[in-house]
1. In nm, to one decimal, how far is the modelled label at Glu203 from the one at Glu372, with both set 7 Å along Cα→Cβ?
2. Loop only per DSSP, at most 15 neighbouring Cβ atoms within 10 Å: give me the GluC sites (Glu not before Pro) in segment 210-313, ordered by residue number.
3. What number, in percent, do you get for the relative contact order of segment 132-247 if the mean sequence gap of Cα pairs under 8 Å and at least 6 apart is divided by its residue count?
4. Please identify every one of the trypsin sites (Lys or Arg not before Pro) in segment 258-309 that sits in a loop by DSSP and has no more than 16 other beta carbons within 10 Å of its own beta carbon.
5. Which of the listed residues, Cys394, Ala318, Pro143, is farthest toward the dipole's positive end in the chain, when Lys, Arg count +1 and Asp, Glu count -1 at the beta-carbon?
6. At R0 = 30 Å, how high is the FRET efficiency between Asp159 and Glu20 if r is their beta carbon distance? Nearest 0.05 is fine.
7. Assuming a ≥ b ≥ c are the square roots of the Cα gyration tensor eigenvalues, decide whether the chain counts as rounded (a/c under 1.5), prolate (otherwise, with a/b larger than b/c) or oblate.
8. Take the solvent-accessible surface of the protein heavy atoms, probe 1.4 Å, and return the percent of it on the chain that carbon and sulfur atoms account for.
Amino acid sequence: MASEYDPYENAQAVIDRAMEVGDVDPRLRDYVRYPQRETKVNLLVDMDDGTVGVFEGYRVQHSNLRGPFKGGIRYHENCTLSEVKALATWMTLKCAVVDIPFGGAKGGIRVDPRRLSVGELRRLTERYTEAIAPIIGSDRDIPAPDVNTNEQTMAWMHDAYGRATGAPTAGVVTGKPLALGGSKGRTSATGYGVVSCAALVLEKFGESLAGTTVAIQGMGNVGSNAASIFHGKGAIVVAVSDVSGGVFCETGLDVPAIVEYLDKGKRLLNGYEAPGVVHIANRELLACDARILVPAALENQINAEVARELRCAYVVEAANGPTTADADDVLEARGITLVPDIFANSGGVIVSYFEWLQNLRGVSWETGEVNELLEEFLEKSFVELWAERVRTGCCLRMAAYIVALRRLALAKEKIAHGERAGESEIREREKSAAAAR
Ligand code: GLU
């Protein structure tokens, strides 16, 4: 049930299963169970009305086994440490599954950003950055945008980090504006990757995006970019939603008109009217008649009960953790193919990696190059996932977790191997010392 859902426990339950199905070295288990560092900070912010606001912030650095910690920062009124721990764990697995040289981290502030002025948001971001400045850095831990944060937030973080440390460096955050060393294609990257992953899976079943119906839950950065790109590729987006509810049109929504409508000021979908468009509740959107369902909002949206109501053939997880572990079982039993978050939404962090590389080298790539390389990373990773799925007969989530966990286990083994070699060397030395006696 939703009230009992704990994102961190849910993530660990899926890892347990994957360790077993994939026969992963059990010595890795605790490395993916315990985050390396969990930081909690209290942020005191001067509010516009003269009062002092107190906000709780977190940065969980889950693993840097394969490279510097990496992961976004979210601003949300329900943000908890358990949620951030789960999100950080998923980042470790996400970077491993697509084989980019990063570990996993995540940050968050418990705040409803809609209640803050731009000035208050900037000051909050500055206090947060100063508080975590000692533990982040371009070769240490690299934040990025997530739910309710964007390139503006990254511009403030980049600036505050430079001032707090006296060492401004472009690579300390990704998802920056172009003028501060951002990458072309970064803003649309997660949405772009979601659509590419959907196309890769559909192809396996002899289907294509053109003419296929899609429903999207969430019209933030990821949902709205995915909607535009699906639409551009000839898919029929029949439903979209935001916090105010959803809109549905059997013959397809006018996606460019909706995106433009939402872009203008702080408008919500409950005010959107157009011929043939009806307003629907969130639950109706999830269960609507669309071939592809794209949850692009928050965790815990598709539980076992919701999973039984779905009418789609594919679920492509644009959000992190939208489907619970028990819902996975229902979907599998019902023959609904799920494209897991750690693969489906990896486009964002892959292009973050490209941004970081461009910053290190002091170069700038064109959008075409960025998207082409992004496709290459996704295709390569998908070949591995599919092979694992065929080998074990498991679902794509299991396959993705197994590929990621094995890669982490291999990194661990390489370190342990050195240690073991050291041990045998010692034994050899002991033997020859004994022989000499
Ligand atoms: N917040 C995004 C995610 O969950 C992007 C992370 C990043 O670019 O570091 O994957």
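1. The modelled label-to-label distance comes out at 1.7 nm.
2. Hits after loop and neighbour filter: Glu250, Glu273.
3. Working: 155 pairs, mean separation 22.5, N = 116.
Relative contact order of segment 132-247: 19 percent.
4. Numbers: sites: Lys264, Lys266, Arg267, Arg283, Arg291, Arg308; in loops: Lys264, Lys266, Arg267, Arg291.
Sparse-neighbourhood loop trypsin sites (Lys or Arg not before Pro): Lys264, Lys266, Arg267.
5. Farthest towards the positive pole: Pro143.
6. 0.05
7. Oblate.
8. 51 percent
The values are calculated or read from the model by the stated rules, or taken from the named source; none is laboratory data. All values derive from a computational prediction rather than experimental measurement. Cβ sites come from the backbone with ideal geometry, for glycine too, and all protein chains shown count toward neighbours. All accessible areas refer to the heavy atoms of the entire protein, side chains included, with ligands and DNA or RNA removed. Shrake-Rupley method; radii C 1.70, N 1.55, O 1.52, S 1.80 Å.
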